[in-house]
Amino acid sequence: MAGLIKREDIDRVRERTDLKEIVDAFVTLRGAGVGSYKGLCPFHDERSPSFHVRPSVGTYHCFGCGESGDVISFLMKMEHTTFAETVERLAAKAGIELHYEDGGTGPDREQVGRRQRLLEANKVADEYFQSQLRTEGAATGQQFLAGRGFTFEHAAQFNVGYAPQGWDNLLNHLRRKGFRDDELKLTGLFSEGQRGIYDRFRGRLVWPIRDMTGATIGFGARKLFEDDPGPKYLNTPETQLYKKSQVLYGIDAAKRNIAKKRQLVVVEGYTDVMSAHLSGVDTAVATCGTAFGSDHVKIARRLISDDGTGGEIIFTFDGDAAGQKAALRAFEEDSKFLARTYVAVEPSGLDPCDLRQEKGPEAVVALIDSRRPLFEFAIKAGMKNFDLDTVEGRSGALRHAAPIVAGIRDSVVRPGYERELAGWLGLDQSTVHQAVQRAQRGAASSADARRGERRSSAGEDHRPDGDPAASGRPPGFQRPDARDPAARMEKEALEVVLQQPTLLSAEQWQAFYSADFKVPAYAVVHSGIRAAGMAGATPSQWVEQVRQEVPVELAPLVGELAVTPLPARTDEDLIRYCRDIMNRLFELQITHQKAELLGRLQRMGPAGDPAEFAALNRQLLDLEMKRRSLRARD
């Protein structure tokens, strides 16, 4: 059995892997200074971006929750894989052959991580299904697609496949590819009976469901034959890879456009996604056999950079009762978005697939353009439950609608909907306004109570806006006073050394090593830098070396210092800033040393040793000359 992966190979994997490229698959990143990026944290819910990435040093850090690390730890947390599995996957992608401490050259087929084997099985199955779509046996599937306006080219664009009739077609194919039955049982591609496992998908059109990296993690299949006793749509069951509440069909194809346009369109089915994209709505995705829930919200918010500065989520539903119910379920998640939420309902009841086929692609675009605010839809849908011809009915409708209007985040839009609601209900506008204000006060009181409960139970210590990172501080770490110039100076110097080690001269390194850091946490990091030695061969190795040299509770602080954006817009500004920071640090150290020498001179008094007195004065003179030399460089 293979031993530990050799350290030098792990370093090569880190160095050959672009951290930004990996993070981009999960988070929409935007520039935050020279060589720095930020986005909404994938590890906790937040409204303002506090997740920072600095690819040059291979490090990420969230100033909100404190999560910190490198490309390996990021993928481990996002995909729930072991260290070895993650390194093996990244090595395979980078074309790096791994070596192990026992002399092995990497795991054989049986030793590959379970997750990787599941991904491989799904990939092979995906390719198999696609190849079957062009066979004679897939004629019914071909007719189904053609009847909905899809060509072979369209099917290939969306990787649509066909699962042939029969009990063991895919099973035998995967066996021939070297997969064992105990592995295949875990894929969700097979059911099990008294005689063993057999194909789960038979005589069906098949759509691959992929994660944001483009890896196939499951399938959705549509029934084609009347004698099929199964449901109309059949999905992969829950597996290690596939969690239906955490996936969106089409996300791999749409993610770039979603991030660029800051728009996400939610449709109901696989063919709706295809039709939307083919019509020019290239931000469309669909849930997979479940309602749009809280995990989907997190994915959407990360992709559109939901920080309150724009973005829109558009839900499309059929105009029938089921569609209305689905829209109201979506409204339950509305408060979790800062972006505006809309609903687009086709009065004729046609879904995007039928709409494109019957009225052309422009009709699908028009459907999206006709969107209305989701809260307006919720208000009107609720009003249908009341008899507005009676006083009691209008009062009940107002009680239903007032909290919805009160929850409208845009204070400019809210008064307009108060007027609209008054008109819909035939009530005086002041009456509606008072009801909305009461609802606002009630919501505020409830929110305050919930926050108080969370703080008392969790002991939260919320940081003020603009002050980096306190909520994610390591246990036992006392953050220094940000107003203390000496503490701020030490912090800025550590940021420079960790992020731009190659800009320091040998003289500056020597002066940095001899510096005396006063803030306890920064002093520990300074010691870790000294223990790690001069900056390693690469910046990413350098930060990791330092991280390994500090106590585990301070490792997040190293990550924080390594990604904090430096205040420079150009490379020239960056060089100047780093030089100035190091000079200020050295001048501060000189000031401390001079103060110590002056104290010793005062304690000596006039009766002190003349030789020692002269030596101390020479040291003071040397320090003053160094200080003047530093200032002359500015």
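Only one of the listed residues (Q194, Q263) is among the polar types (S, T, N, Q), out of contact with any Lys or Arg (no Cβ under 8 Å at 6 or more places or on another chain) and under 30 Å from G280 (Cβ atoms). That residue is Q263. Checking each residue in segment 167-204 for being part of a helix (DSSP H, G or I) and hydrophobic (A, V, I, L, M, F, W, C) picks out L170, L171, L174, L184. Would you confirm, using the coordinates I've provided, whether S348 is assigned by TED's automatic domain parsing to the domain that holds H296, assigned to a loop (DSSP other than H, G, I, E, B) and more than 21 Å from Q429 (Cβ to Cβ)? In short, yes.
Of all residues assigned to segment 222-233, none qualifies as being buried (at least 22 other Cβ atoms within 10 Å of the Cβ), touching a helix residue (DSSP H, G or I) at 6+ places or on another chain (Cβ under 9 Å) and not aromatic (F, W, Y). Looking at this structure, is V285 within 18 Å of F377 (Cα to Cα) and buried (at least 24 other Cβ atoms within 10 Å of the Cβ)? Against the criterion (within 18 Å of F377 (Cα to Cα) and buried (at least 24 other Cβ atoms within 10 Å of the Cβ)), V285 does not qualify. For segment 592-625, the tally of residues that are within 25 Å of Y513 (Cβ to Cβ) and touching a helix residue (DSSP H, G or I) at 6+ places or on another chain (Cβ under 8 Å) stands at 10. Touching a residue at least 40 places away in the same chain (Cβ under 8 Å) and either buried (at least 23 other Cβ atoms within 10 Å of the Cβ) or of a type outside the set (K, R) (or both), is that true of R47? Criteria not met by R47. Here the strands (runs of 3 or more DSSP E) wholly within segment 260-329 that include at least 2 residues being under 16 Å from D369 (Cα atoms) and not assigned by TED's automatic domain parsing to the domain that holds V160 are 263-267, 312-317.
The set of residues in segment 302-345 that are more than 29 Å from A25 (Cα to Cα) and at pLDDT 85 or above contains only V345. So is A562 part of a loop (DSSP other than H, G, I, E, B) and either assigned by TED's automatic domain parsing to the domain that holds G64 or among the hydrophobic types (A, V, I, L, M, F, W, C) (or both) or not? Judged against the criteria, A562 is not a match. Y242 fulfils the conditions (1) part of a loop (DSSP other than H, G, I, E, B); (2) in contact with a Lys or Arg (Cβ under 6 Å, 6 or more places away or on another chain); (3) surrounded by 22 or more Cβ atoms within 10 Å (Cβ to Cβ) except for a single criterion, (2).
Take the residues in segment 205-239 that are free of Cβ contacts under 8 Å to residues at least 60 places away in the same chain and not in a loop (DSSP other than H, G, I, E, B), then tell me which one is nearest to K93 (Cα to Cα). Out of the qualifying residues, it is R210.
Grab the helices (runs of 4 or more DSSP H) fully contained in segment 76-164, keeping just those with 2 or more residues being at pLDDT 95 or above. The qualifying helices (runs of 4 or more DSSP H) are 114-132, 139-147, 152-157. Here D622 does not fit the description of being out of contact with any Cys (no Cβ under 9 Å at 6 or more places or on another chain), over 26 Å from F74 (Cβ atoms), at pLDDT 85 or above and part of a helix (DSSP H, G or I). Pairs meeting the criteria (first residue in segment 66-90 and free of Cβ contacts under 8 Å to residues at least 12 places away in the same chain, second residue of a type in the set (A, V, I, L, M), beta carbons under 7 Å, at least 6 apart or on different chains) are F83/I72; F83/M76. For segment 361-409, the tally of residues that are without any contact (Cβ under 8 Å) to a residue 24 or more places away in the chain and outside any helix (DSSP H, G or I) stands at 6.
Residues are listed down the side, and each one gets a yes or a no for (1) within 20 Å of G58 (Cβ to Cβ); (2) at pLDDT 90 or above; (3) surrounded by 15 or more Cβ atoms within 10 Å (Cβ to Cβ):
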residue	(1), (2), (3)
D484	no, no, no
V496	yes, yes, yes
A506	no, no, no
W509	no, no, yes
Y513	no, no, no
Y522	no, yes, yes
S540	yes, no, yes
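Taken together, R329, R356 contain a single residue that is of a type in the set (K, R), closer than 26 Å to R210 by Cβ, touching a Ser or Thr at 6+ places or on another chain (Cβ under 7 Å) and in contact (Cβ under 8 Å) with a residue 24 or more places away in the chain, which is R356.
Quick one: in segment 272-298, of everything that is among the β-branched types (V, I, T) and at pLDDT 95 or above, which residue is nearest to A254 (Cα to Cα)? Among residues in segment 272-298 that are among the β-branched types (V, I, T) and at pLDDT 95 or above, the one nearest to A254 (Cα to Cα) is T283.
In the set R603, R547, only one residue is surrounded by 18 or more Cβ atoms within 10 Å (Cβ to Cβ) and not assigned by TED's automatic domain parsing to the domain that holds V53; that residue is R547. Looking at S527, is it surrounded by 13 or more Cβ atoms within 10 Å (Cβ to Cβ), in contact with a helix residue (DSSP H, G or I) (Cβ under 7 Å, 6 or more places away or on another chain), at pLDDT 60 or above and assigned to a helix (DSSP H, G or I)? The answer is no for S527. When both residues are 6+ apart or on different chains and their Cβ atoms are under 8 Å apart, which pairs have a first residue that lies in segment 174-192 and is free of Cβ contacts under 8 Å to residues at least 24 places away in the same chain, and a second that is aromatic (F, W, Y)? Qualifying pairs under 8 Å: F190/Y198; S191/Y198; E192/Y198. You will find that of E549, E587, E553, the residue that is at pLDDT 75 or above and under 20 Å from S505 (Cα atoms) is E587 and no other.
Return the residue satisfying two criteria in turn: it lies in segment 562-593 and is under 15 Å from G35 (Cβ atoms) and buried (at least 18 other Cβ atoms within 10 Å of the Cβ), and of such residues it is nearest to the chain's Cα centre (by Cα). Ranking the qualifying residues of segment 562-593, first place goes to V563.
The values are calculated or read from the model by the stated rules, or taken from the named source; none is laboratory data. None of the values given here were measured: they were computed from a predicted structure. Ideal geometry is used to build each Cβ from the backbone, glycine not excepted, and the neighbour counts take in all protein chains shown.
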